[in-house]
Amino acid sequence: MYKILVLPGDGVGKEVVHEALKVIKRIESLAHLKFEIKEDQVGGASIDQHGVPITGEVLKKAKDSDAVLLGAVGGPKWDSLDYKVRPEQALLVLRRELGLYANLRPAAVDPSLIEASSLKREVIEGVDILVVRELTGGIYFGTPKGVEKNPDGSERGFNTEVYSTHEIERIAKKAFELARKRKRKVASVDKANILESSELWRRIVTQVAKRFPDVQLSHLYVDNCAMQLIRNPKQFDVILTTNLFGDILSDEAAMLTGSIGMLPSASLGDHHALYEPVHGSAPDIAGKNQANPIAAILSVAMMLRYTFGLYDLALAVEGAVRNVLKEGYRTRDLSVDGTVSTSQMSDLIVERIEH
Ligand code: IPM
Ligand code: MG
């Protein structure tokens, strides 16, 4: 029996994960499967209850499960806390402790949502990008880091961007393997004109590429990539990049699709996997039944595909989402009028999942 740990977290995370669970129930009955589902706290919810963003017990449960489904963490209530006990730390702890080095963030433009994008139809029609973000290294985890006093009494804050050969090798390999199932193009994004760590990144990615002669590799500086994503996003297939650049570029890629409320993600390691919407906890609309549940629902589809190998069912969920959008249903992030609520949207999707 497959074990799923559900960590709704904070804000709209709680709402969208709740809706995504309806999809899991639907899959169970369609495919005559049974998932063992446990739920626990993470982020601000865990801080309020236990004083820490994630407890050792929850971390152990995550390690014992086949997949983790996470909502979102954070909110203004916890923003003034010290970095070490902020809700966001829960994500970093999970990524590090579960070894989730490969973050997959697909951004595909749905034909029914072209009008929801802030870019022109001809620019975004047919866009289908997969951002492969390194997730357990770089400046997010590098040491030394901190805030220290200068001799003159002022302060200095610092972080370290650091990548080792094997970290670059394994994420590059992942990107090339994924590209083989797509259009066989990898754009590696770095800042090799300035950063030594990027110089190594580019060198190692080029080496790994030799094992994938059927995949076309290009290199771009991150500033150029940010521009190209807006100028001509159709040129991209797989974008391979570092933790920090991937954080930024994946939000940008998300907006090509019309709303960040649409984008799922998978964080994969050699032994564990975590699935979560790319969007955050959206405190401004939390508790109002307005959030778009599609990112969370598509994260379940990714779970079905990457952890459970249930490809048909993943396609069935994705097809249901496409159909609902084609029929014109929109949550508030996608349209200004005639919108449906979070729970209505997921009910509409669940009704349309067919095997
Ligand atoms: C993301 C988020 C996180 C990140 C934050 C919440 C720590 O922005 O998953 O993209 O920066 O990785
Ligand atoms: Mg981010």
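Some values worked out for this structure:
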{"quantity": "Segment ASP128-GLN207, extension gain: residue separation times 0.36 nm, minus the distance between their alpha carbons", "calculated": "25.8 nm"}
{"quantity": "22 Å Cα-Cα threshold exceeded, pairs from LYS14/LYS145; LYS63/LYS181; LYS14/LYS77; LYS14/LYS174; LYS25/LYS181", "calculated": "LYS14/LYS145; LYS63/LYS181; LYS14/LYS174; LYS25/LYS181"}
{"quantity": "Accessible area per residue in Å² at 1.4 Å probe, computed on the chain", "calculated": "44 Å²"}
{"quantity": "GNM result for the chain, Cα springs below 10 Å: residue of ASP190, ASP82, ASP110 fluctuating most strongly", "calculated": "ASP82"}
{"quantity": "Two-decimal Rg/Rh across the chain, once Rg and the Kirkwood Rh are taken from alpha-carbon atoms", "calculated": "0.96"}
{"quantity": "Span from the region 118-147 Cα centroid across to the region 200-219 one, whole angstrom", "calculated": "19 Å"}
{"quantity": "Mean Cα-pair separation over length for region 118-256, i.e. relative contact order, pairs under 8 Å, 6 or more apart, %", "calculated": "37 percent"}
{"quantity": "Size of charge dipole - the chain - debye, nearest 20, with Cβ of Lys, Arg +1 and Asp, Glu -1, no other charges", "calculated": "900 debye"}
{"quantity": "Potential lengthening between GLN344 and GLN235 on full extension [0.36 nm per residue; Cα-Cα distance subtracted]", "calculated": "35.7 nm"}
{"quantity": "Three-way shape call for region 118-256 based on the alpha-carbon gyration tensor, with the a/c threshold at 1.5", "calculated": "oblate"}
{"quantity": "Rounded percent of accessible protein surface that carbon and sulfur make up, region 118-256, 1.4 Å probe", "calculated": "52 percent"}
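The values are calculated or read from the model by the stated rules, or taken from the named source; none is laboratory data. As the structure is a prediction and not an experimental result, all values here were calculated from the model. Positions of Cβ are backbone-derived with ideal geometry, glycine not excepted, and every protein chain shown enters the neighbour counts. Ligands, DNA and RNA are excluded from the accessible area calculation, which covers all protein heavy atoms including side chains. Shrake-Rupley method; radii C 1.70, N 1.55, O 1.52, S 1.80 Å.
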